[in-house]
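Following: one structure in structure tokens, then a few remarks.
No lab work stands behind these numbers, since they all come straight from the coordinates. Every value quoted in this text rests on a predicted model; they were computed, and no experiment measured them.
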Amino acid sequence: MLTWNIISKPRLKRPIVVEGLPGIGNVGKVAAEYLIEKLKAKKFAELYSDHYPYHVFVNDDDTVDLPKNEFYYHKGRKRDVIIITGDIQSMTPHGHYEIVEGMLSLVRKLGARTVFTLGGFGVNPLPKVPKVVGAVTDAKLKKKYRKYGIKFESGERVGIIIGASGLLLGVGKLRGMKGMCLMGETLNRQMFTDTKSAKQVLIVLSKLLGISVDMKSLEERSKEMEKAIRKAQEIEAKLLEKARKGEDLRYIG
């Protein structure tokens with residue numbers, strides 16, 4: 001079941017859809033939310049579903065909100081942009097398809113025929129400068145997009161793209177839409193938010209969209225993340241050393 005809250009009905013000019021939902025390294029979500037912030041994009045719709053987890057979020061003011069996906073728009077010089085982000089993805093395969101069909105139905109009515117989905121690609125160890133790996137709906141698009149620094153090696157390293165980032169392209173392709181998934185290399189670990197990878201994805205995306213995005217605050221967050229990773233690696237090294245020596249692992253000083 002899908003429940004829509006339509007806030008406004010914008011009139012858009014050949015809009016391009018950008019999707020960034022929670023996933024590996026939260027790369028897509030971080031990139032999409034940062035783009036919304038810097039473009040001052042306006043929210044025009046919310047999507048609720050019983051395919052999302054059965055809980056509510058308790059806010060700082062003690063009010064509650066259901067999990068949702070959100071739709072924003074930005075009026076560009078040549079083309080407009082629709083940005084999809086949110087709290088969560090579906091918990092079931094059936095839910096993923098139903099939600100993606102609903103998303104595509106909405107954006108197609110607004111004139112969208114191109115979709116860029118954003119996500120993470122798990123690697124280990126994390127490179128100093130994460131690559132942005134691409135997958136396209138049509139092989140002919142690789143020639144068009146390769147000049148933006150995208151690495152098309154998905155067939156060698158990426159077998160599947162799970163969730164909305166994949167299905168929006170796959171189902172969209174059946175509906176006559178074109179698009180690409182931009183995947184930033186990131187650590188394949190749970191509960192990890194990679195702002196550095198999100199920055200690299202945004203650099204490529206901004207070129208594709210022909211827009212300028214101030215990366216300063218994202219760069220600052222990336223430096224903080226790098227410090228946290230180094231600290232975690234130091235702790236892991238100490239744990240491994242203690243385990244090798246057969247010492248008590250309950251305390252790390």
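Listing for the model above:
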read-out	value
In Å, descending, principal axis extents of the Cα set of segment 32-81	41, 25, 15
Rounded to whole Hz, the Karplus (6.51, -1.76, 1.60) HN-Hα couplings of segment 112-117, x for glycine and proline	6, 9, 10, 10, 10, 9
Ratio Rg/Rh [Cα only; Rh per Kirkwood] for segment 1-120	0.96
Inverse mean reciprocal Cα-Cα distance (Kirkwood Rh) of segment 2-214, Å	17.3 Å
Length gained when the stretch Arg113-Asp214 is fully extended (0.36 nm per residue, less Cα-Cα span)	33.7 nm
Estimated Rh, segment 112-191: Kirkwood, alpha-carbon pairs, angstrom	13.1 Å
Entries in Lys142/Lys207; Lys78/Lys178; Lys42/Lys207; Lys42/Lys143; Lys147/Lys178; Lys78/Lys196 that, when Cα-Cα distance is taken, lie over 24 Å	Lys42/Lys143; Lys78/Lys196
Rounded D (µm²/s) - segment 51-128, Kirkwood Rh over Cα pairs, Stokes-Einstein at 25 °C, 0.890 mPa s	159 µm²/s
Cα gyration tensor category, rounded, prolate or oblate, for segment 169-224 with a/c compared to 1.5	oblate
Whole-Hz ³J(HN,Hα) from phi, Karplus 6.51 cos²θ - 1.76 cosθ + 1.60, for segment 8-23, glycine and proline x	7, 10, x, 9, 10, 9, 6, x, 9, 8, 10, 10, x, 10, x, x
For segment 52-60, 3J(HN,Hα) per residue [Karplus equation, 6.51 cos²θ - 1.76 cosθ + 1.60, θ = phi - 60°, Hz, x = Gly/Pro]	7, x, 8, 8, 10, 8, 9, 7, 4
Segment Asn59-Ile6, length gained on full extension (0.36 nm per residue, minus Cα span)	16.8 nm
